[in-house]
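Trainee: My structure is below; once you've seen it, I'll send some questions.
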Amino acid sequence: MMKNLLSMDKVSTEEIMTILQRAAEFEAGAKPQLEKDYYVANLFFEPSTRTKTSFESAERRIGATVIPFDAAFSSVLKGETLYDTVKTIQQSGIDAVVIRHKEDAYYEQLLQGLDVAIINAGDGAGQHPSQSLLDLYTIFKEFGRFEGINVTIVGDVSHSRVAKSDATALKKLGANVQFVCPPQWQGEFEAHHNWDQLLEQSDVIMLLRVQHERNAAYEGFTVEGYREVYGLTVEREKQMKDQAIIMHPAPINRGVEIDSELVECERSRIFAQMKNGLYIRMAIMEYILKGRN
Ligand code: CP
């Protein structure tokens, strides 16, 4: 049984489907099944609106006690290491920590000798497994399967932990994943550098945020130029298949990777993704905490 949630390459297809099934049960009103008191803390060393509030809401809804932690007022500012911070929190009787951190694979140093479950809420440009699971849940609710679904991921692939987690999981589940991005942002992936036939063929178009805070802009990058070649514009949306959906992990740069008019259009699932995230995170926390019995 999975003890931590770190990276989608470490989550089996059976575990994915178990979490999706439990999320569906929570969405239908099922009660949580925790039989003892659990304590959790959310350690966010990078900004977050969705993931942090969603985890906290999920933790409270399944009956866990949430111990507040504010990175901006913690002893990290006095130079305490992440390992020492988490070990300190463990001494307060915490069962699980949800961590977002700017270092890729920060969790590797925490796996040496700590007895606390680690749920990765995003590591640098590495992985974002809870976002991936809510994206999978959104796609599964829409199409009832993954096999043969055409997913096109568009944007800053090299800096995107969402793209990496989703590509890993979707390919494992039998979906066809394609990338569209400028050559400077394709990282280790093969990618298209224009939309070609992909607008007409895709069941899911997943847009990625241009990550200005990670110095993503390349020589010659302009917002207008990016939107013109890679943005999902009102004109491009008209070429999408009837049943195709639009996704974006958010936050959104309106008017850059997606035209503002499309954010809440009929085929957009962007805000539905956030709601799905609550049920997915309830399922994740219940699964991980029950595994500590
Ligand atoms: N999608 C996502 O991770 O959003 P936040 O940065 O607001 O948590």
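Any read-out appearing in this document is the output of simple, stated calculations on the displayed coordinates, not a laboratory observation. Since we're looking at a predicted model, the values are computed, not measured. Cβ atoms come from the backbone with ideal geometry, glycine included; neighbour counts cover every protein chain shown.
Trainee: How large is the charge dipole for segment 129-274, taken about the Cα centre, if only the Cβ atoms of Lys, Arg (+1) and Asp, Glu (-1) carry charge, to the nearest 20 debye?
Mentor: Numbers: 15 positive and 22 negative charges, 103 e Å.
So the dipole magnitude of segment 129-274 works out to roughly 500 debye.
Trainee: Report, in deg cm²/dmol and to the nearest 500, the calculated mean residue ellipticity at 222 nm for the chain, where each DSSP H run with n ≥ 4 adds -39500 (n - 2.57) and the sum is divided by the residue count.
Mentor: The per-residue figure over the chain is -10500 deg cm²/dmol.
Trainee: With angles folded into 0 to 90 degrees, how steeply does helix 13-27 sit against the dominant principal axis of the chain? Use alpha carbons for both and round to 10.
Mentor: Between helix and principal axis, roughly 80 degrees.
Trainee: Rounding to the nearest 10 and keeping the result within 0 to 90°, find how far the Cα-based axis of helix 161-172 lies from the longest principal axis of the chain.
Mentor: Between helix and principal axis, roughly 80 degrees.
Trainee: Would you calculate the convex hull of the Cα atoms in segment 63-149 and tell me its volume per residue in Å³?
Mentor: Numbers: hull volume 12.5 nm³, N = 87.
Taking only Cα atoms, segment 63-149 has a hull volume of 143 Å³ per residue.
Trainee: Taking Cα atoms, how many degrees apart are the long axis of helix 129-143 and the longest axis of the chain, rounded to 10 and kept between 0 and 90?
Mentor: Between the helix axis and the principal axis of the chain, the angle is about 50 degrees.
Trainee: I would also like to ask the following. Rounding to the nearest 20 debye, state how big the charge dipole of the chain is about its Cα centre with +1 on each Lys and Arg Cβ and -1 on each Asp and Glu Cβ. It would help to have the intermediate numbers written out before the result.
Mentor: Numbers: 32 positive and 42 negative charges, 166 e Å.
Its charge dipole is roughly 800 debye.
Trainee: Cα-Cα over 28 Å: which of K52/K241; K87/K275; K141/K290; K36/K172? Show your work: numbers first, answer last.
Mentor: Working: K52/K241 34 Å; K87/K275 32 Å; K141/K290 25 Å; K36/K172 34 Å.
Correct reply: K52/K241; K87/K275; K36/K172.
Trainee: Sequence-distant or interchain residues sharing an amide H contact under 5 Å with M206, placed H: which?
Mentor: Here T152, I153, V154, M247 satisfy the definition.
Trainee: Reported to two decimal places, what Rg/Rh ratio describes segment 129-274 when computed on Cα atoms with Rh from the Kirkwood expression? Don't jump to the answer; show the numbers that get you there.
Mentor: Values: Rg = 13.9 Å, Rh = 15.0 Å.
Dividing the radius of gyration by the Kirkwood radius yields 0.92.
Trainee: Considering Cα pairs under 8 angstrom that are at least six residues apart, work out the relative contact order of segment 129-274 and quote it in whole percent.
Mentor: Values: 248 pairs, mean separation 35.5, N = 146.
Over segment 129-274, the number comes to 24 percent.
Trainee: Starting with the highest mean, order 111-121, 282-292 by the number of other Cβ atoms within 10 Å, averaged over the residues of each peptide. If you can, show how the numbers build up before the last one.
Mentor: Values: 111-121: 16.8, 282-292: 21.9.
Most protected by this proxy first, the peptides run 282-292, 111-121.
Trainee: Moving to a separate point now. Please identify every one of the GluC sites (Glu not before Pro) in segment 189-220 that sits in a loop by DSSP and has no more than 13 other beta carbons within 10 Å of its own beta carbon. Show your work: numbers first, answer last.
Mentor: Working: sites: E190, E200, E213, E219; in loops: E190, E219.
In loop regions of segment 189-220 (DSSP not H, G, I, E or B), the sparsely surrounded GluC sites (Glu not before Pro) are E190, E219.
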